[in-house]
Structures are given as structure tokens and as C-alpha cells.
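Heads up: the structure comes next, in C-alpha cells.
The values are calculated or read from the model by the stated rules, or taken from the named source; none is laboratory data. For clarity, every value in this text was computed on a predicted model and none was experimentally measured. Cβ coordinates were reconstructed from backbone atoms using ideal geometry, including for glycine residues, and neighbour counts include every protein chain displayed. Protein only, heavy atoms only, side chains kept; ligands, DNA and RNA dropped before computing areas. Shrake-Rupley method; radii C 1.70, N 1.55, O 1.52, S 1.80 Å.
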Amino acid sequence: MEQFEPDRLSAAQLAAMRRSLTSGRGALTRRSLLRASGVGALTLGGLSTLAGCGIPPAKREGGTAAASDDHSDREKEINFSNWTEYMDTSEDEKSRPTLEEFTKRTGIKVEYTEDINDNVEFFGKVKPQLAAGQDTGRDLIVVTDWLAARIIRLGWAQKLDPAHLPHAYANLSPQFRSPDWDPGRAYSYPWTGISTVIAYNEKATEGRKVDSVTQMLDDPSLKGRVGFLTEMRDSVGMTLLDQGKNPASFTDADFDEAVGRLQKGVDKNQIRRFTGNDYTSDLDKGDLAACLAWAGDVIQLQADNPDIKFAIPAAGYITSSDNLLVPAKARHKANAERLIDYYYELPVAAQLAAYISYVCPVEGVGEELAKIDPELAENTLIVPDKAMTAKSHAFRSLSSEEETAYEEKFAKLIGA
């Protein structure tokens, strides 16, 4: 029987979780940018417990989770778990327009619950039931790509029926179509995308554009005013791209070379510091002239400071995603698939994107979004154009052994 998870997390992995929770994506509000990448954010009280946990793999049949009997025909309901502020609401915040329209159209009532605060905490909540082959009480969940990969790998997600997903299949953006952890999107569809870009303060750079990692690490005018992220996949991934390597297929030697490149930036004091989301205040004030940043933060900063700009390096940028999954044994799989497909209809996708301001994974949404807010429709951080989409790269899935080794090397680099 294959063992999918490590029996114990390393000190470096636990440190990465703490960083994610206290200052990384896991610490941000839903209106900032998202959650921890990598092994994810944890509540501090749960770290020691998880450190000693092994996760038993589920029994598989034909490489997929065995579906429970679907009650969708006779039970017109869906239990949907999501993150906070990740759904459109009315101005008085008393209703959720797109969900209400779905119910009006289909007769399917959606029990919508904002009970996901971070990935690992949520996984700890549902893991005992999934491992025991029991219904979690949820028909649809939203989790970040690394956790989606884990759930699928363990056999705890139901394979989706393409016949129920015509809009999703047709309108899914090419950049999200085939992640290495779910080729062809057999088990998942993205809810939103997450982009890591270069942000700079034009006043601090005296009008000069900063658009490459090489410039960040080598331009003497930026010395001591450059920031990288404490999220390994973002900082190392962007450096790999700058060195001409593919984050989807790099080797151990490639990883070491990227870390060495960043180490030189530390040694010569080019890099001011590695940060979580706290880079926002330094960038706003100009203490950081340039840094790696999450696109959601850039959108917010630009609303108040016209000097904040962003650049997509010619080498490309790192992207990740939050994803819709139907857990094993869910009672209302077909209903959940109808809801997934609904959010890939262009007008619905536009309404959601206008509210949450994340990368929309729905191709062709721009025209509909322009009817709601022309400025948002032109923002490539929400609706990437073809040039930006072509530069999008995902950091490949890691084995348990790689995860441990890479986090330890990265922890030494950032002094964690």
C-alpha cells in the first residue's frame, strides 16, 4: 500500500507553516491575496499535533475515489464550504446574488458556509471522515492547489462528470487547464487564480520600471531596497524562471542554483528582507523600491497610491489557484457539478470577479465584466490578456522528500 504523506513534518516545514499563518498569504484577509502555498497555513495550536500525524491513504478503485450514491435527483440541495469574503454579496450584505439566482433557476438550495480559515486546519477537520470513507456533510469545497493535489492523491475526491460541465469545459482558461496534480481537470475546477508579480514604487525608483528578478538582484540603485517573499514557491519559482528554468520540471540542481542566486543577493545586501504580506506598507512608503508581490495586494495598493506599479517579467511569473472539489461520499454530486458549471457561465463569472477581484479562470469574461466595471475588465491582474497568460507558470508538485529538503534549504536562506 502506497504511503502518500510523511509521518512527521520537519522543523523547516513547521517554520514555513508559521510564516504563512503570521505574515504570509495565510494571514491575509480575503480581500488581500490568499492563503499559504506549499504545506499551508496552520493554527499555531495545531502545529505540534499535525507534526506527528501520518495520513492513511484511501482505498482506490481504478485510480479514483469510489462515488457514494448520489441523492441529487430527490434532494435539491448543496452544502458548499468556502473561505470568507469569497462570494459576491448584495450592498446590504444580506444576500448572495449569484447563489440566489442559481436556486431560482434550478430549484436547488445552496447551504453556503464560510468555514474554511486555512487549508491545513480545514483538512484536519474533514480528514477523519474522509479516511473512514464517510460523508463530510459537504458537497463542494474550495481549497488551494497543493491541498487539492493531496486530496486527489489520497483518493478522497470524486471524479467529475464532463457531461454536467459544458460551460466549465468550454470556458476554462488555458493557463489552468492541466495542472500536474490533476491533468485535464478530471477532479477539480479553479475558483480563482493567484499571481505572483513584481511590484515597484515609481517614486522610489525615480520613474524607472523594474521588470525582472535580475534587475532586482543586480541593479545597484536598488541596493538594500529589494524584497522577496517568505513563500518558497514564489521566490524560488520566480528566480528559476529568471534563470531560464521551468518551475514545472526543474531538478534539484536547478533549485540549488536558484537558492544560490538569492543567497548572493543576501550576501551583498541587495535584498533588504524576505517578507510575508507586510511588504505592503514598506512598498507604499518607498522603503522597498521593488519586491515580489501578490496581485490582489497590488490592486488594493494602487487604489490609494498611484506610484505603485507592477510588471510581468519577460521570463514569466508564478501562478497558483484555489479549486472546487467534490469530496468522496458527498450526497449531491450532480447538484454540485451544476453549481460548478454555473460559475463558468460568462455573466455569472463576471459578477463574481467584480466582487472578489481575483484572477478569473474563465476565458472570455472580459466583455461581460466590462458591463459591470470597465476598469476591472481592463485590469490584467483580474483578466489576464493573452500575453500575460502565455507567461504564466505553475510550480510543480513536490514529493514529501523534496518538500522537506527544499524547505530546509530555503529556511537557511531567509534566516528562519
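Taking the criterion of being of a type in the set (V, I, T), in contact with a Pro (Cβ under 9 Å, 6 or more places away or on another chain) and in contact (Cβ under 8 Å) with a residue 24 or more places away in the chain, would at least one residue in segment 371-391 satisfy it?
Checking segment 371-391: at least one residue is of a type in the set (V, I, T), in contact with a Pro (Cβ under 9 Å, 6 or more places away or on another chain) and in contact (Cβ under 8 Å) with a residue 24 or more places away in the chain.
If you scan segment 233-245, which residues turn out to be part of a loop (DSSP other than H, G, I, E, B) and among the acidic types (D, E)?
none
Identify all residues within segment 88-98 that are part of a helix (DSSP H, G or I) and either closer than 17 Å to E75 by Cα or open to solvent by 30 Å² or more (accessible area, probe 1.4 Å) (or both); write none if there are none.
Answer for segment 88-98, where residues must be part of a helix (DSSP H, G or I) and either closer than 17 Å to E75 by Cα or open to solvent by 30 Å² or more (accessible area, probe 1.4 Å) (or both): just P97.
Just to be sure before I move on: is A258 open to solvent by 10 Å² or more (accessible area, probe 1.4 Å), small (G, A, S) and either closer than 16 Å to G415 by Cβ or part of a helix (DSSP H, G or I) (or both) in the structure I sent?
Taking the combined requirement at face value, the residue does not satisfy it.
For segment 106-116: of the residues being in contact (Cβ under 8 Å) with a residue 60 or more places away in the chain and not hydroxyl-bearing (S, T, Y), which is most open to solvent (accessible area, probe 1.4 Å)?
Applying the filter and picking the extreme gives V110.
Select from segment 362-378 the residues that are surrounded by 19 or more Cβ atoms within 10 Å (Cβ to Cβ) and not in a strand (DSSP E or B) and list them in ascending order.
Hits for segment 362-378 are E363, V365, G366, E368, L369, L376, A377.
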